[in-house]
Amino acid sequence: MKLKSAIKKLSKLTKVEKNGGQYSGVVNGNVIEFRACNSQEEDTGITCIRVRSIKDEDDSMTDYFAGVWCNNLSRAIKVATAA
């Protein structure tokens, strides 16, 4: 999925915030996050699609990565809205 399409799809459900090359939005108490493959190009794809609880955070000291990784944005939205 292209970056523009992903932002448009997620913005139908929530406000999309950008932090560097990472984009995120909160849906039903869960955070949906994804990264742009190349931050220099506007027509790039997305990668690293993840859904996690708002309260759940990564812990680099124990190699704990919060949430569930998804293959595509549609699946991430289904996971976030099912909870």
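The values are calculated or read from the model by the stated rules, or taken from the named source; none is laboratory data. Note that the structure is predicted; figures quoted are calculated from it, not measured. In this analysis, Cβ positions are derived from the backbone assuming ideal geometry, glycine residues included, and neighbour counts consider all displayed protein chains. All accessible areas refer to the heavy atoms of the entire protein, side chains included, with ligands and DNA or RNA removed. Shrake-Rupley method; radii C 1.70, N 1.55, O 1.52, S 1.80 Å.
Across the accessible surface of the chain, with the other protein chains kept in place and a 1.4 Å probe, carbon and sulfur atoms take up 48 percent. Put a plus charge on the Cβ of each Lys and Arg, a minus charge on the Cβ of each Asp and Glu, and nothing anywhere else: the dipole of the chain about its Cα centre is then about 540 debye. Summarising the amide proton neighbourhood of Val16: residues at separation of 5 or more, or on other chains, whose placed amide H is nearer than 5 Å comprise an empty set. Placing one equal scatterer on every Cα of the stretch 1-43 and applying the Debye formula, the log10 ratio I(q)/I(0) at q = 0.27 Å⁻¹ is -0.98. Ellipticity at 222 nm from helices only: DSSP H runs of n ≥ 4 in the chain, each -39500 (n - 2.57), divided by the residue count, give -6500 deg cm²/dmol. With the highest mean first, a sort of the peptides 1-14, 21-34 on other beta-carbon atoms found within 10 angstrom per residue produces 21-34, 1-14.
The angle between the Cα long axis of helix 73-82 and the main principal axis of the chain comes to about 40°, on a 0 to 90 degree scale.
In the chain, the C-alpha radius of gyration followed by the widest Cα-Cα span (Dmax) gives 12.4, 36 angstrom.
Compute the accessible area per residue over the chain, keeping the other protein chains in place, probe 1.4 Å, unit Å².
On the way: 5520 Å² over 83 residues.
Per-residue value: 66 Å².
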